[in-house]
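Scroll down for the structure; my scribbles are underneath it.
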Amino acid sequence: MSSVATVSITRRQRAASAFEVAKFSPDSPARCGRLTTAHGLVNTPAFMPVGTQATVKGITPAQLREIGAEIILSNAYHLALRPGAGLIRRLGGLHRFMGWDGPILTDSGGYQIFSLAALRKVTDDGVAFRSHVDGAPMFLTPEAVVQLQVDLGVDIIMVLDECVAHTATRAEAERAARRTLEWAQRCQDVEIAGDQLMFGIVQGATYPELRAEQVRALVALDFPGYAVGGLSVGEDRDITMMLAEQTAAALPTDRPRYLMGVGFPEDLIRFAGMGYDMFDCVLPTRNARNGMLFTSTGRMNIRLARYAEDEAPPDADCRCYTCHTFSRAYLRHLAATNEMLGGQLASLHNLHFYQQLMRDMRAAIARGEFTAWSAARLARLTEGTDA
């Protein structure tokens, strides 16, 4: 048997064995499952705290473990710029470098390159751009992006993709989708470690038939998991929901489905109800640093004067360290005086809240009660939201 055929069989075996659906919801596409990685098991649906530059802002790895995070996301593009994948490799890999012993997924940087429109030029060969750090010219190919992630030693590698604006014409979207598919094939040609997984990414802008074509082509490549990108980038919410639902329904049931870059707690419930298994978003920590807390009854702007003398915990239903120890009045004081601890405590709470939401979600699916649970939870999440 040829070496190419051997690699192909190994890839299919790895893809088929990495993910297992434990329970399907009886009255919705929601499901709970288990994703096996080199650094541990991930229970799904799962939310990945974002540690773009090898740190979840304001939170230690020990705290991430305490709140129940099982997998985190970092970013190969940013780490390639600072401190460099070679340095991280020499220091033992990303897990050792950042002191996190659980699974890590790295975003390839496709979205970051998309956001740097004025600094980059995309061709079929790859992406030429100038570093947003020091202006140095760089050129990234699909193969180089995979090699970066191999050098980092992460558990889940994302292929390089081209994300286009929601206003892209059909021709622009088709060109980017074709390129994304060709890049995915090139990424598969790069040798990765035997215990690493590589996910393909569905693009296609706001064109349903183009996304459907992308799904068919990517599934034929037999990735261990599939991500859906290019949504929540400015398009109308109804379009986001329609495209997300149609795409999830077209993806295979025996592979994890990762919806990239979302979202608010109510979004996670709705998208899990479509059959998505993995999510990431900067909202829990970014919004925390600006004084927004996610609570069981909605969003709380802790900077408001109404909380200046409020002795209650931020969320009476929450068991995190922040809610167990501090009052709304104290957190409001920290936010008003721009004390570093304020953002840290708010981030800790928000990430705990997201992880608890996922635990509750998995339990509801396992009980066969996801639809009733989600309706009740969505209603409660909008009870007392601050303006």
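Across the range 317-360, what is the number of residues that are touching an Asp or Glu at 6+ places or on another chain (Cβ under 6 Å) and over 25 Å from Gly51 (Cα atoms)?
The number of residues fulfilling the criteria is 3.
In the range 232-260, what count of residues is obtained for those that are in contact with a strand residue (DSSP E or B) (Cβ under 8 Å, 6 or more places away or on another chain) and at pLDDT below 95?
1
Restrict the check to the range 96-106 and report whether at least one residue is closer than 22 Å to Ile201 by Cα and out of contact with any helix residue (DSSP H, G or I) (no Cβ under 7 Å at 6 or more places or on another chain).
Yes, the conditions are met somewhere in the range 96-106.
Which one of these does Ala144 not meet: (1) crowded, with 24+ Cβ neighbours inside 10 Å; (2) hydrophobic (A, V, I, L, M, F, W, C); (3) within 22 Å of the chain's Cα centre (by Cα)?
Among (1) crowded, with 24+ Cβ neighbours inside 10 Å; (2) hydrophobic (A, V, I, L, M, F, W, C); (3) within 22 Å of the chain's Cα centre (by Cα), Ala144 violates only (1).
Give me the pairs, please: first residue somewhere in the range 124-150 and touching a residue at least 24 places away in the same chain (Cβ under 8 Å) and polar (S, T, N, Q), second residue anywhere and part of a helix (DSSP H, G or I) and open to solvent by less than 60 Å² (accessible area, probe 1.4 Å), beta-carbon distance under 6 Å, and either six or more positions apart or on two chains.
Cβ pairs passing all conditions: Ser131/Leu81; Gln149/Ala76.
Only one of Leu381, Leu348 is surrounded by 15 or more Cβ atoms within 10 Å (Cβ to Cβ), in contact with a Ser or Thr (Cβ under 6 Å, 6 or more places away or on another chain) and not β-branched (Val, Ile, Thr); which?
Checking each option against the conditions leaves just Leu348.
Please specify each residue of the range 129-158 satisfying the condition of being under 19 Å from Leu181 (Cα atoms) and of a type in the set (Gly, Ala, Ser).
Within the range 129-158, just Ala144 meets the criteria.
Out of Phe114, Phe97, Phe139, I need the residue that is of a type in the set (Phe, Trp, Tyr), farther than 25 Å from Ala249 by Cβ and either in contact with a Lys or Arg (Cβ under 8 Å, 6 or more places away or on another chain) or modelled with pLDDT of 95 or more (or both). Which one?
Just one listed residue meets the conditions, Phe97.
Scan the range 269-306 residue by residue and report those that are over 30 Å from Val21 (Cβ atoms), assigned to a loop (DSSP other than H, G, I, E, B) and open to solvent by 10 Å² or more (accessible area, probe 1.4 Å).
Asn290, Thr297, Arg303, Leu304
Applying the selection to the range 71-107, what residues are crowded, with 22+ Cβ neighbours inside 10 Å, over 19 Å from Ala136 (Cα atoms) and not hydroxyl-bearing (Ser, Thr, Tyr)?
Ile71, Ile72, Leu73, Ile88, Leu94, Trp100, Pro103, Ile104, Leu105, Asp107
The values are calculated or read from the model by the stated rules, or taken from the named source; none is laboratory data. From a predicted model like this one, the values you see are computed outputs, not experimental measurements. Backbone-built Cβ (ideal geometry, glycine too); neighbour counts: all protein chains shown. Please note that ligands, DNA and RNA were not included when accessible areas were found on the heavy atoms of the full protein model with its side chains. Shrake-Rupley method; radii C 1.70, N 1.55, O 1.52, S 1.80 Å.
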